[in-house]
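See structure below.
Read-outs: derived from the displayed coordinates by stated rules, not from any lab. Please read these numbers as outputs of a predicted model, since none were measured by experiment. Reconstructed Cβ throughout: ideal geometry from the backbone, glycine too, with neighbour counts over all protein chains shown.
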Amino acid sequence: MKKEIFLENVVGLAKNKLQAWTTLGEQTGHLFSEITCYRKNFDIRREEVVKLKTITKEKVRNFFEAKVLGAERRALKVQVIGEGGGQKVAREDVEILMREEAERAKTYEPVFKPTVVVK
């Protein structure tokens, strides 16, 4: 990605974050979520834009190589079990199945082994 395109993306994200609220419900929802999460940082969008100014293409590339392609990467497996229709399963049985699957997941090999190309 060219540096100009990267900067256009950063500027576009900053503009989105600095847009005025379109509805009272949107603003209220944001403020209420800050209160219920005990953050109470009502100016978070402006602070995020200030942090965006410090992001460089190299920082994004280094983060990607370390966290997505590198040894620090992690995997998350999510299993959704519905309760509507079908056969009822006891919670204890589900927990046993999940523990067994977690043990099996420790032996999984990655499907894709990326090679890092630094330009």
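For region 3-18, backbone phi angles converted through the Karplus equation (6.51, -1.76, 1.60; θ = phi - 60°) give residue-by-residue couplings of 4, 5, 5, 4, 5, 4, 5, 5, 5, x, 5, 5, 4, 4, 5, 8 Hz, Gly and Pro being listed as x.
Strictly over 32 Å apart at the Cα level, which of LYS57/LYS77; LYS2/LYS106; LYS2/LYS67; LYS2/LYS51; LYS2/LYS77; LYS3/LYS40 would you flag in this model? Pairs exceeding 32 Å: LYS2/LYS106; LYS2/LYS77; LYS3/LYS40. Approximating the spin labels as points 7 Å out from Cα along Cα→Cβ, the GLN27-to-LYS3 distance works out to 4.0 nm.
Taking Cβ atoms as reference points and 15 Å as the exclusive limit, the residues near THR22 contribute a net charge of +2, counting Lys and Arg as +1 and Asp and Glu as -1. Per-residue 3J(HN,Hα) values for region 51-62, derived from phi via the Karplus relation 6.51 cos²θ - 1.76 cosθ + 1.60 with θ = phi - 60°, read 5, 4, 5, 8, 6, 10, 4, 5, 5, 5, 4, 5 Hz in sequence order (x marks Gly and Pro).
Put simply, region 1-106 fits an ellipsoid with semi-axes of 38, 26, 13 Å; these come from the alpha carbon gyration tensor as the roots of five times its eigenvalues, largest first.
Rounded to whole numbers, the Karplus 3J(HN,Hα) couplings from phi for region 29-36 are x, 5, 5, 5, 5, 5, 6, 5 Hz, using 6.51 cos²θ - 1.76 cosθ + 1.60 with θ = phi - 60°, and x at Gly and Pro.
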